[in-house]
Amino acid sequence: MKDYVIGLDLGGTNIRAAAVNREGEILHRVKIPTEVPLGRERVIANILKVIDTIKKEHKGLKLSAVGMGIPGVIFFDKGIVARSPNFPDWIDFNLRERLNKYLNVPFYIDNDANLAAVGEGWLGAGKKFNSFCMLTLGTGVGGGIVLNKNIWRGEYGMAGELGHITIYPDGHPCNCGNRGCLEQYASATGIVRMAMEENPPSPPFTKGGKEGGITADKIYQLAKNGDRYSLEIFQKMGRILGIGIADLVNILNIELFVLGGGVADSWNYFIDSAIDEIKKRTYRITGERVKVVKAELGDDAGIFGAAYMAMKEEISNSR
Ligand SMILES: [Zn+2]
């Protein structure tokens, strides 16, 4: 019997999932609201509902494994959600143990940014490379490090927190407890804050931040129309991103950096200053070979990554 796996992306707003075969084709998709405010049991019921819906659609095929990406600190080996910004009451919660009661197939979880990198490595921008870093520039900055075709999880799953590399020692405070993290400048949130801090503030930014309707997308639109302040903000963001990438180049001698997330759409306005900075801060021999490219799979990277992880683990565990 032909088989398939299910890849899930557990977000704060929606659960997105797909049945994926070994060739990387999506057979079926499901998306339902996560319903976080209704509590943990409801979220778990929704995860099971998604899996059930997909299973019913594929009665002639064998479900081999289920993989899922979750934001936060995930202990991959044990299937534990240690901390998650989207699920504040899931502290050291053994999700695998909880779901194993209902699933009779292997179930794996990992950090969502790690799985986005795995997905891009399987079918997207990283597929021709053995090693690369992915940075997801969204509300925050997520990271994933792929070394020799494997995600580098670190000693207990905390590797790849690329958004928390220090750029400014006394910079803006970050949720992680540090100051001046990359995430505070290279994310949508960081871009809006930098715009508000403009000195002197230009007219679009003088009123009330997000409440005043200023979003990273609006700043992007202004940059497109040639607004000088908006262009400067993206240049500054690019510079900071370039400094972060240069550090990674110096540590890892990686040649490919894949940028995903909504902020990456502002590519034309930040990429030149990022590349400039990478070249300035690395040895010529390494810096000149660095390629920075856009992610190719969009929102599906996490689903493909979760599916691929499930396939790979299921194969290595059944040996
Ligand atoms: Zn931080």
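The values are calculated or read from the model by the stated rules, or taken from the named source; none is laboratory data. Just so you know, these numbers come straight off a predicted model, no measurement behind them. Here the Cβ positions follow ideal geometry from the backbone for every residue, glycine too, while neighbour counts run over all protein chains shown. Calculation scope for accessible area: heavy atoms of the full protein, side chains included, ligands and nucleic acids excluded. Shrake-Rupley method; radii C 1.70, N 1.55, O 1.52, S 1.80 Å.
Using a cut-off of 22 Å between alpha-carbon atoms, which lysines can reach Lys236, once sequence neighbours fewer than 8 places away in the same chain are excluded? Correct list for Lys236: Lys207, Lys210, Lys218, Lys224, Lys279, Lys280, Lys291, Lys294.
Kindly report the accessible area of region 130-295 per residue (heavy atoms of protein chains, probe 1.4 Å, no ligands, DNA or RNA), in Å².
Working: 8300 Å² over 166 residues.
Ligands and nucleic acids excluded, the figure is 50 Å² per residue.
To the nearest 10 degrees, how steeply does helix 228-252 sit against the main Cα axis of the chain, on a 0 to 90 scale? Compared with the principal axis, the helix lies near 60 degrees. Highest mobility in the GNM of the chain, judged by mean-square fluctuation with C-alpha springs under 10 Å and restricted to Tyr308, Tyr108, Tyr229, is found for Tyr229. Excluding residues on the same chain fewer than 8 positions from Lys2, give the lysines whose Cα lies under 28 Å from its Cα. Once the sequence-local lysines are set aside, what remains near Lys2 is Lys31, Lys49, Lys55, Lys56, Lys59, Lys62, Lys101, Lys127, Lys128, Lys149, Lys312.
Quick check: at a probe of 1.4 Å, how many percent of the accessible area of the chain sits on carbon and sulfur atoms? Summing carbon and sulfur atoms, their accessible area is 49 percent of the total for the chain.
Report, in debye and to the nearest 20, how large the dipole of region 130-295 comes out about its Cα centre when Lys and Arg carry +1 and Asp and Glu carry -1 on their Cβ. Walk me through the intermediate numbers first.
Numbers: 18 positive and 17 negative charges, 54 e Å.
So the magnitude is around 260 debye.
Taking one quarter of the surface of the convex hull spanned by the alpha-carbon atoms of region 130-295 gives a direction-averaged projected area of 9.9 nm². Relative contact order for region 63-187: 18 percent, from Cα pairs under 8 Å spaced at least 6 residues apart, divided by residue count. Any idea what the relative contact order of the chain is, in percent, if you count C-alpha pairs under 8 Å spaced at least 6 apart? Computed value for the chain: 20 percent relative contact order.
Rounded to the nearest whole angstrom, the semi-axes of the ellipsoid equivalent to the chain, taken from the Cα gyration tensor as √(5λ), stand at 35, 22, 17, largest first.
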